[in-house]
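Written out below as structure tokens is the structure these notes cover.
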Amino acid sequence: DLKDRWGQALGQDYVFSFTEPDAPPSVSFGNYAPALFTRPNEPGVHVQAVNINTMSVSFGSMTLADFFQFDTDYAFREGYYSFDGQSWNISPTLQKNDNQPVYVQLRDQQLDPGLYFVNVESQEATYAQDNRRVLISSNLNVTMKTSPTEVLIWAVDLRTQQPVKNVSVQIYSQDKNVIASGVTNEEGLWQGPVPAVRA
């Protein structure tokens, strides 16, 4: 009963067979964001994988100085390995040719709030995917609003959904210098001036 644009019906059943190659093996975080976020009680990350039998996981702490250099220095990023890093392999059970989410457990206990380095890769992947990421672990959600001369910060506890007071705030410039600092008030807010950005 399938009709073409002129109303002519096909008239009889028709079977069309085709084949396609297997999907190229790959593993990725599914986005190009330079940093990932997780809560301390969720010590893991999600990746997308297809036709992968073994993944190599690298994980460890990251200092603030390393974070700044990791963000701006490509050579440093490519050779980076955490000072307390560990590496291990995992073998997910994946259905063939089905791009699936895989949860990668990073610790058996919850993470301390802070900065971490994580990399999940596979030698089986057809294309080299840069999966080196900064992982931020925190119970706080921080909203930041800016104008050319001011910054507004609002800190909320993800566990209680309540504003958090007495949170230390530091604002950094692109050259890694502290240009403003303060502490959130009873409403979880801090507002302060910053140097005007020159064109």
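The values are calculated or read from the model by the stated rules, or taken from the named source; none is laboratory data. In this text, all values refer to a predicted model and were calculated from it rather than measured experimentally. All Cβ positions, even for glycine, are placed from backbone atoms using ideal geometry, and neighbour counts span all protein chains on display. Heads up: the accessible areas ignore ligands, DNA and RNA and are worked out on the full protein's heavy atoms, side chains in. Shrake-Rupley method; radii C 1.70, N 1.55, O 1.52, S 1.80 Å.
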| Failed item in (1) open to solvent by 90 Å² or more (accessible area, probe 1.4 Å); (2) closer than 21 Å to Tyr103 by Cβ; (3) not β-branched (Val, Ile, Thr), with Asp1 passing the rest | (2)
| request: Counting only residues that are without any contact (Cβ under 8 Å) to a residue 12 or more places away in the chain and at negative phi, give me the strands (runs of 3 or more DSSP E) lying completely in region 109-199 with at least 1 of them. | output: 140-146, 168-172, 178-183
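Only one of Phe59, Phe37 is open to solvent by less than 80 Å² (accessible area, probe 1.4 Å) and not in a loop (DSSP other than H, G, I, E, B); which?
Phe59
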| remark: Residues of region 4-34 being open to solvent by 50 Å² or more (accessible area, probe 1.4 Å), of a type outside the set (Ser, Thr, Tyr) and within 22 Å of the chain's Cα centre (by Cα), in sequence order, are Gly30, Asn31, Pro34
| said: Taking the criterion of being open to solvent by less than 60 Å² (accessible area, probe 1.4 Å), within 18 Å of Phe29 (Cα to Cα), outside any loop (DSSP other than H, G, I, E, B) and modelled with pLDDT under 95, would at least one residue in region 87-94 satisfy it? | reply: no
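Within region 73-80, can one find any residue that is of a type in the set (Gly, Ala, Ser) and either modelled with pLDDT of 95 or more or open to solvent by 80 Å² or more (accessible area, probe 1.4 Å) (or both)?
Of the residues in region 73-80, the ones of a type in the set (Gly, Ala, Ser) are 75, 79.
This time we only want the ones that are either modelled with pLDDT of 95 or more or open to solvent by 80 Å² or more (accessible area, probe 1.4 Å) (or both), so: none.
The answer is no; no qualifying residue exists.
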